[in-house]
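Read-outs throughout are calculated quantities, based only on the coordinates presented, and are distinct from any laboratory measurement. On a predicted model such as this, the values are computed, not experimentally measured, just so you know. Quick reminder, even Gly has a Cβ in these numbers, built from the backbone with ideal geometry, and neighbours come from all protein chains shown.
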Amino acid sequence: MENTLNSPIGISDSSAPKSVSQRIPGSAPLIQTGSVHQQDLQPSPINPDWILEGNPIARATTLAIAGDKTLSCAVWECHAGRFKWVYGLDEIVQILEGEVVIEEQTPERKIHTLRAGDTAFFPDGLTTYWTVTKYVKKFAIHRNIRRSILWRAKRKLRHLFGLVPKAGMGCYGVMAHMEMAAEAISMA
């Protein structure tokens, strides 16, 4: 019988890979597999300061995560509401169900309507307004670029002085999810 790891955030893997630094020298990388069922999605609240209208309820689960924590994929769903979203990392999405209207908070203020089958890329640092009329479910790939300590210190100072909007939980706390998932995998 296979030994399956199920973390509290949805990692499900029958061969629980270890991070690059924890692998036995000479061992091959392993495949992570995941599956999404409604019961696997965990509450993933939107920053209350970002909610503009309604009471959007969001849930998510991380499906897989790279050993170096720079790449992950997840499923996220949200019910009706309008909210601001600040991206703290790069995200590519594929809409699985429903529809969302997204307004870029740029000088052009472009508006995009995404429906099932549509794909979009959201770069780190982008601010958007999301309007979910009924329901939306997406598959997302997240890429976190490792930044130098100097770059992170400068960004933190700019946040403290209000020069850059704080990303808050952006990408539904994906970094916290990634760290917890990696820890759960390494303990297997």
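Could you pull out the pairs from 84/154; 69/154; 84/138; 134/154 whose alpha carbons sit more than 29 Å apart here?
Going by Cα-Cα distance, 134/154 fall outside the 29 Å limit.
GluC sites (Glu not before Pro) within segment 100-151: which are DSSP loop residues with at most 11 other Cβ atoms inside 10 Å?
Within segment 100-151, the qualifying GluC sites (Glu not before Pro) (loop, at most 11 other Cβ atoms within 10 Å) are 108.
Taking the Cα-to-Cβ direction at residue 118 and at residue 134 and moving 7 Å from each Cα, how far apart do the two end points lie in nm?
For the pair residue 118/residue 134, the computed spacing is 1.6 nm.
For residue 116, enumerate residues with amide H under 5 Å from its amide H, sequence gap 5+ or separate chain, H modeled in the peptide plane.
Sorted by chain and number, the residues that satisfy this are 98.
Could you derive backbone 3J(HN,Hα) for segment 96-108 from the dihedral phi with the Karplus parameters 6.51, -1.76 and 1.60 (θ = phi - 60°), listing whole Hz in sequence and x where the residue is Gly or Pro?
For segment 96-108, the Karplus curve yields 8, 8, x, 8, 9, 10, 10, 10, 6, 9, 10, x, 6 Hz.
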